[in-house]
Amino acid sequence: MEKIRAEIQTAADMERLRQIRDRLHKELGQNLLLLHSLDWNRELNQAHDWLIARSVRLAEEALLMEGAGKAPGAYAFVLFGSGGRGEQTLWSDQDNGLIYEDAEDERAAATAEAYFRILADRIGGYLQLLGYPLCVGGVICTNDKWRKPWSHYQSTLHEWLVDPNWEHIRYLLILADMRAVYGERSLASRLMDQMYAYTERHPAILEHMLHNTLHHKISLGVFGQLIRERYGEDAGGVDIKYGAYIPIVNGIRLLAIEKGVRAESTEGRIAGLLEGGFVEEEIAQDWLEALAIAVKLRSLTPFQLEDGHYTTRGKLPADRLTKERTAELKLCLRIGGDLQKYVRKSIHKEIEQG
């Protein structure tokens, strides 16, 4: 990994960086079944972090060469979603934002807004060249909703917290997975401090988070049968992303928020819940096993290149659901179903005691 890191950090342009990514995509894909899936996932996401950080650095250098100057102040380039959790697949899309420090006056604020708008456009374009498609939900640094000075992020966070409607809770849970991969990391961590402090003081908000967290159901029927896709190209397959992986990571994330566990990855959050005495070891090990299965099966879903971007529909087709994988998936889903029940019970208990 150190050799890969050095190669990425010395890449002189996006063409070279894309060559490295394509090669890593092939090599890491071949290694998926040779390593424990969570170990493999950590190596893959180290590579993603290095590729993205290098892209940001090259964008900075390009603007400097073009006469736009240096950044007028400190900023953090942050990832959300699976990137924020350090759980990107080989073909994840862009889920990112940009937080920059507040300016001293209106003139400096206008200068900062103009520079970071140009920088964000360049970064977004570079990441597309690298094979990362745009987020279909618009959670991306080129969207001014996710490119703001710190005080604007702070006021928006407060707005979401005091008015916890469905959309605001969705944004809060997106923010809960935020992780800085370049720049001044404290700009992100200070926002997380405020969110965790608020939920500790106002545990009733956890009920709103619970409804959103349980929105995606486990793909297992009442009689223990897999819930399969009924129509289209994926008929007979199973939605691994939304039927297995997302319910597990969402449940663990909410437990981490409830207990004040400040870890970034789902694996780290489970470890934090265990170390804090919030969950029994046997249950934590079950959750880790389910997560490992979900990560592996999610990474086995077919992908395609569309306009140079790596994409997937997140469905494991019927012909890849061997007897062994079906048994694994059912185990994962049973644990996931139990996890959702555990989360519901834990949150209701917390609110009653709150």
Item to complete: Go through the stretch 291-334 and give me each residue that's part of a helix (DSSP H, G or I), among the small types (Gly, Ala, Ser) and crowded, with 17+ Cβ neighbours inside 10 Å.
Response: Ala292, Ala294, Ser299
Practice prompt. Could you grab the pairs with beta carbons closer than 8 Å, sequence gap of 6+ or different chains, first residue in the stretch 260-275 and at positive phi and touching a residue at least 60 places away in the same chain (Cβ under 8 Å), second one open to solvent by less than 60 Å² (accessible area, probe 1.4 Å) and not small (Gly, Ala, Ser)?
Written response: Gly260/Tyr196
Worksheet item: List, please: which pairs have Cβ atoms under 8 Å, are six or more places apart or on different chains, and start with a residue in the stretch 161-190 that is on the phi < 0 side of the Ramachandran plot and modelled with pLDDT of 95 or more and end with one that is of a type in the set (Val, Ile, Thr) and assigned to a loop (DSSP other than H, G, I, E, B)?
Response: Ile174/Val139
Response to the item:
With the first residue restricted to the stretch 1-20 and required to be more than 14 Å from Leu130 (Cα to Cα) and at pLDDT below 95, and the second required to be open to solvent by 40 Å² or more (accessible area, probe 1.4 Å) and acidic (Asp, Glu), Cβ contacts under 7 Å at 6 or more apart or on different chains are Met1/Glu43
Worksheet item: If a residue has to be under 20 Å from Ser82 (Cα atoms), open to solvent by less than 40 Å² (accessible area, probe 1.4 Å) and touching a Lys or Arg at 6+ places or on another chain (Cβ under 8 Å) to count, how many in the stretch 149-195 make the cut?
Response: 6
Worksheet, complete the sentence: Scanning the stretch 213-240 for residues that are modelled with pLDDT of 95 or more and within 17 Å of the chain's Cα centre (by Cα) gives Thr213, Ile240
Response to the item:
Turns out the helices (runs of 4 or more DSSP H) fully within the stretch 1-114 with at least 3 residues that are of a type in the set (Gly, Ala, Ser) and under 20 Å from the mean Cα position of the chain (by Cα) are 37-65, 81-84
Worksheet item: Of the numbered conditions (1) surrounded by 17 or more Cβ atoms within 10 Å (Cβ to Cβ); (2) closer than 28 Å to Leu51 by Cα, Gly137 satisfies every one except a single condition; which is it?
Response: (1)
Worksheet, complete the sentence: Residue count, the stretch 179-235, condition in a helix (DSSP H, G or I) and either aromatic (Phe, Trp, Tyr) or closer than 29 Å to Asp338 by Cβ (or both), comes to 15
Practice prompt. Run down Val343, Val279 and say which single residue is in a loop (DSSP other than H, G, I, E, B) and at pLDDT 95 or above.
Written response: Val279
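The values are calculated or read from the model by the stated rules, or taken from the named source; none is laboratory data. Computed from a prediction, not measured in an experiment: that's the story for all the values here. Every residue, glycine as well, gets a Cβ built from its backbone with ideal geometry; the counts of neighbours run over all protein chains shown. Calculation scope for accessible area: heavy atoms of the full protein, side chains included, ligands and nucleic acids excluded. Shrake-Rupley method; radii C 1.70, N 1.55, O 1.52, S 1.80 Å.
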